[in-house]
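Derivation of every value follows stated rules applied to the coordinates shown; laboratory data play no part. Here the structure is a predicted model, which means the values were calculated and not measured. Cβ: placed from backbone, ideal geometry, glycine included. Neighbour counts: every protein chain shown.
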Amino acid sequence: MVPLAPNPTKVMLYIAERRELGLDLNIEQIVVNTVKGRHREPEHLARNPFGTLPVLELDDGNYLVESLPIIEYLEEQFPEGALLGETPEARARARDVERIVDLRIAGPMGTYAHATNSPLGIPANPERAAEMKEKLQVPLDYLENLLSDDRPLLLGDRVSIADCTLQASLQFLRHVEADLFGERPLLRAWDARYRERPAAKGVLRW
Ligand SMILES: N[C@@H](CCC(=O)N[C@@H](CS)C(=O)NCC(=O)O)C(=O)O
């Protein structure tokens, strides 16, 4: 795990949300500081040859190295009170929105952050940043539209993995002092509301 990086943060938010719902997953968290390059050291590469975070060590000593399968594994291992929902439709919908957020929003937001004010020291690239901003408009409109029926969270009343994924990316943007929401009051209200949640308060630092 690492406190700022979006993919570890989304798993940490998920774990915190499950705790708020009464399930303490009791997972020991080990910080691997990507800003200091610790993820490229042999100790971490032994866990994950791709050098990315997060990583979950299973009881059999194997590792999961992708954030969404880590969350889905925890959902299946501890199904009572799982976030994904009760019916195949609810679960599919939650996965659908999460994928839209991760692939169409979190990806471009991360690239934008690194192209403007990278915490990893990547040189600024205004052209790339403008390209990412443009790419974000349709998916951000999609979320704004989703929230137009007054639902408090992205999938309705119940917190979802999509909420965790979006908020993890927004923390990264806040850290680099960027704001890409534009004129989208419902998304801004969702952001303020989500950050008031006890899980968010316990995990988010920016
Ligand atoms: N698809 C992977 C992506 C993981 C990823 O790229 N993590 C970032 C932190 S948010 C990372 O480790 N970056 C360091 C690097 O790629 O060198 C997941 O969802 O877990």
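In a simple Cβ point-charge model (Lys, Arg +1; Asp, Glu -1; nothing else charged), segment 88-197 has a dipole of about 280 debye relative to its Cα centre. Cross-link check: pairs K36/K133; K135/K201; K10/K201; K10/K133 evaluated at a Cα-Cα cut-off of 24 Å; pairs beyond the cut-off: K36/K133; K135/K201. Taken along the Cα-to-beta-carbon direction at a fixed 7 Å, the label points for R193 and V31 span 3.3 nm. Judged by the gyration tensor of its Cα atoms, with axes a ≥ b ≥ c, segment 75-147 is oblate; a/c meets the 1.5 cut and b/c is at least as large as a/b. Here segment 6-77 was treated as a single set of alpha-carbon atoms; its pair distances binned every 5 Å from 0 give 3, 15, 26, 26, 16, 9, 3, 0 percent. Positive-end ranking of T87, H114, I100 along the dipole of segment 58-126, with charges on Cβ about the Cα centre, is headed by H114. In order along segment 164-174, phi translates into HN-Hα couplings of 5, 5, 5, 5, 4, 5, 5, 4, 4, 5, 4 Hz, rounded to whole numbers, per the Karplus curve 6.51 cos²θ - 1.76 cosθ + 1.60 with θ = phi - 60° and x for Gly and Pro. Under a Gaussian network description of the chain, with springs only between Cα atoms under 10 Å, the residue in A90, A168, A129 that fluctuates furthest is A90.
When N counts the residues of the chain, how does its alpha-carbon radius of gyration compare numerically with 2.2 N^0.38 Å, as a ratio? Walk me through the numbers before you get to the answer.
Working: Rg = 16.8 Å, N = 206, 2.2 N^0.38 = 16.7 Å.
The reported ratio for this selection is 1.01.
Extending 7 Å from the Cα toward the beta-carbon at both D141 and L58 defines two label points whose distance is 4.3 nm. The peptide list 42-49, 132-139, 160-167, put in order of mean Cβ contacts within 10 Å with the highest first, becomes 160-167, 132-139, 42-49.
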